[in-house]
Amino acid sequence: MKSGSTDRGKQQDGVRQMAGQEAKYQKIINWVRQEIADGSLRSGDKLPSEKELSERFGLSRQTVRHATGELEAQHIVSRVQGSGTYIGGVRQRVYEPRYMSVAVLSTFYESYIFPPTLKGIERVLSKNGFSMQVSFTDNRVTREREMLRQILEKGNVDGLIVEPAKSALPNPNMDLYREIQERSIPVIFFNASYPKIEAPCVRIDDQAVAQRATQLLLDAGHRKIGAIFKSDDRQGAFRYAGYLDAMMSGGGEVHQRHVVWVDTPMTTNLGALEDYLFQRIEGCSAVMCYNDEVAYQVINLALERGLHVPQELSVVGIDDSYLAGMGKVQLTSFPHPKEMLGRKVAENLMEMFRKPDFNGNYLFESEPVYRESVWDLKNQRVYKGQ
């Protein structure tokens with residue numbers, strides 16, 4: 001009897017707590033409705049920022065987001081990635097730049113991906129009369145935070161293009177990104193994005209390209225296929241998902257012991273992990289690599305161990321970089337769009353300036369470039385596609 005009373009008491013407490021939460025976010029909903037009724041807010045007007053509403057009503061940002069989510073569900077407001085929340089639809093406007101300058105944050109410069117990507121960004125910005133302020137984070141969130149603070153302090157850019165640092169890991173800089181967005185500075189990501197920031201991203205379709213790379217090996221007759229992925233960026237997670245898609249639908253033998261995870265510093269010197277790496281992929285006739293940098297090293301290490309590539313170990317990469325044609329065995333790889341990606345992310349930012357409701361997301365597809373690193377087990381020759 002006593003236990004039943006306790007349970008009912010807990011249920012009543014829960015109901016009261018839910019009612020209290022509802023009353024809190026309902027304050028914002030009622031205020032917005034009243035402002036619209038009074039004519040103070042009209043269709044196309046921008047709602048005060050999350051921070052401003054939080055301070056005005058003394059509520060947490062989570063409660064504010066709950067309220068704007070309810071308003072959006074009721075079709076009273078529209079939320080626009082990288083721009084803000086608007087009453088009704090979004091008022092179209094022609095962008096009037098103040099500084100004619102865009103900040104670009106990139107993780108690295110020396111990698112084979114980034115110079116052509118930055119070149120593509122610069123060409124589009126220059127064509128449209130914008131200058132480019134480039135900074136490099138070295139894939140460190142602390143360095144990224146420093147640069148975001150400088151952008152906020154100087155306040156002299158019209159937009160922000162970002163390649164995120166360690167995008168697969170929790171990031172402490174979300175507060176600065178939200179402050180940038182609350183100042184109505186458009187933000188667009190490339191190569192990857194942070195899941196907690198509503199902003200568009202231009203990238204290669206990582207899951208699809210990894211699925212195709214794995215399927216290529218399956219088509220060549222391989223069933224035990226190892227894989228190497230980066231653990232600290234979202235591309236690695238997407239590519240792992242593509243690998244699993246292909247293996248499970250194509251009859252491959254999925255064993256987690258054949259999947260190797262490495263972080264960014266490790267990818268530059270796989271030789272330090274040689275024994276561990278080959279223990280993990282032992283028994284595999286092929287390996288799908290996160291990128292060409294990893295694949296190039298795997299081929300060299302395999303040859304040094306006396307393995308015949310591709311006859312005893314087939315290797316496929318992603319990026320189709322200069323490394324693909326440099327080794328003793330030239331690499332079959334899937335091209336990364338590089339300069340095209342840079343142009344696209346800058347073009348989409350220009351559209352975001354002109355149209356607040358523009359969807360700046362874009363995914364690139366990729367077709368394989370066949371070389372010498374995959375062995376056709378069925379026909380006993382280098383695999384060049386079906």
- Item | Condition check for Asp138: more than 25 Å from Arg65 (Cβ to Cβ), of a type in the set (Asp, Glu) and open to solvent by less than 50 Å² (accessible area, probe 1.4 Å) | no
- Check on Ala213, open to solvent by less than 10 Å² (accessible area, probe 1.4 Å), more than 22 Å from Ala295 (Cα to Cα), outside any strand (DSSP E or B) and touching a residue at least 40 places away in the same chain (Cβ under 8 Å): no
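Going by the conditions given, is Ile204 under 22 Å from His336 (Cα atoms) and at pLDDT 95 or above?
Numbers: under 22 Å from His336 (Cα atoms): yes; at pLDDT 95 or above: yes.
Yes.
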- Message: Pairs please, first residue from segment 176-198 and at pLDDT below 95, second anywhere and part of a strand (DSSP E or B) and among the basic types (Lys, Arg), Cβ atoms under 8 Å, 6+ apart in sequence or on different chains.
- Response: Ser184/Lys46; Glu198/Arg79
- Query: If a residue has to be out of contact with any Leu (no Cβ under 9 Å at 6 or more places or on another chain) and part of a helix (DSSP H, G or I) to count, how many in segment 122-142 make the cut?
  - Reply: 5
- Query: Of these, Gly306, Gly325, which one is of a type in the set (Gly, Ala, Ser), more than 30 Å from Ser78 (Cβ to Cβ), surrounded by fewer than 22 Cβ atoms within 10 Å (Cβ to Cβ) and touching a residue at least 24 places away in the same chain (Cβ under 8 Å)?
  - Reply: Gly325
- Item | Criterion: over 26 Å from Glu122 (Cα atoms), in contact with a Lys or Arg (Cβ under 9 Å, 6 or more places away or on another chain) and open to solvent by less than 10 Å² (accessible area, probe 1.4 Å) - qualifying residue of Leu270, Leu331, Leu277 | Leu331
- State which residue is farthest from Leu273 (Cα to Cα) when the search covers only segment 248-262 and only residues that are part of a helix (DSSP H, G or I) and open to solvent by less than 60 Å² (accessible area, probe 1.4 Å). Gly250
- Task: Working only within segment 53-93, note down all residues that are open to solvent by less than 40 Å² (accessible area, probe 1.4 Å), at pLDDT 85 or above and in a loop (DSSP other than H, G, I, E, B).
- Result: Leu59, Ile76
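So if I check each of Asp320, Asp357, which one is charged (D, E, K, R), at negative phi and touching a strand residue (DSSP E or B) at 6+ places or on another chain (Cβ under 9 Å)? First the steps, then the outcome.
Values: Asp320 fails: at negative phi.
Of Asp320, Asp357, the one residue that is charged (D, E, K, R), at negative phi and touching a strand residue (DSSP E or B) at 6+ places or on another chain (Cβ under 9 Å) is Asp357.
Scan segment 217-233 and tell me whether some residue there is of a type in the set (Phe, Trp, Tyr) and closer than 28 Å to Glu347 by Cα. Talk me through it step by step, then tell me what you get.
Going through segment 217-233, the residues of a type in the set (Phe, Trp, Tyr) turn out to be 229.
Right, trim to closer than 28 Å to Glu347 by Cα and you get none.
No.
What residue, of Ala103, Ala165, is at pLDDT 85 or above, within 17 Å of Ala199 (Cα to Cα), aliphatic (A, V, I, L, M) and not in a strand (DSSP E or B)?
Details: Ala103 fails: not in a strand (DSSP E or B).
None of the others qualify; the one that does is Ala165.
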- Task: Within segment 223-238, work out how many residues are touching a Ser or Thr at 6+ places or on another chain (Cβ under 8 Å) and open to solvent by 50 Å² or more (accessible area, probe 1.4 Å).
- Result: 3
- Task: Considering only segment 346-386, state which residues are open to solvent by less than 30 Å² (accessible area, probe 1.4 Å), in contact with a helix residue (DSSP H, G or I) (Cβ under 8 Å, 6 or more places away or on another chain), outside any loop (DSSP other than H, G, I, E, B) and among the aromatic types (Phe, Trp, Tyr).
- Result: Phe364
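The values are calculated or read from the model by the stated rules, or taken from the named source; none is laboratory data. Remember, predicted model here, so these are calculated numbers, not experimental data. Heads up, the Cβs are rebuilt from the backbone with ideal geometry, glycines too, and the neighbour counts pull from every protein chain shown. What goes into the accessible areas is simple: the full protein's heavy atoms, side chains included, and nothing from ligands, DNA or RNA. Shrake-Rupley method; radii C 1.70, N 1.55, O 1.52, S 1.80 Å.
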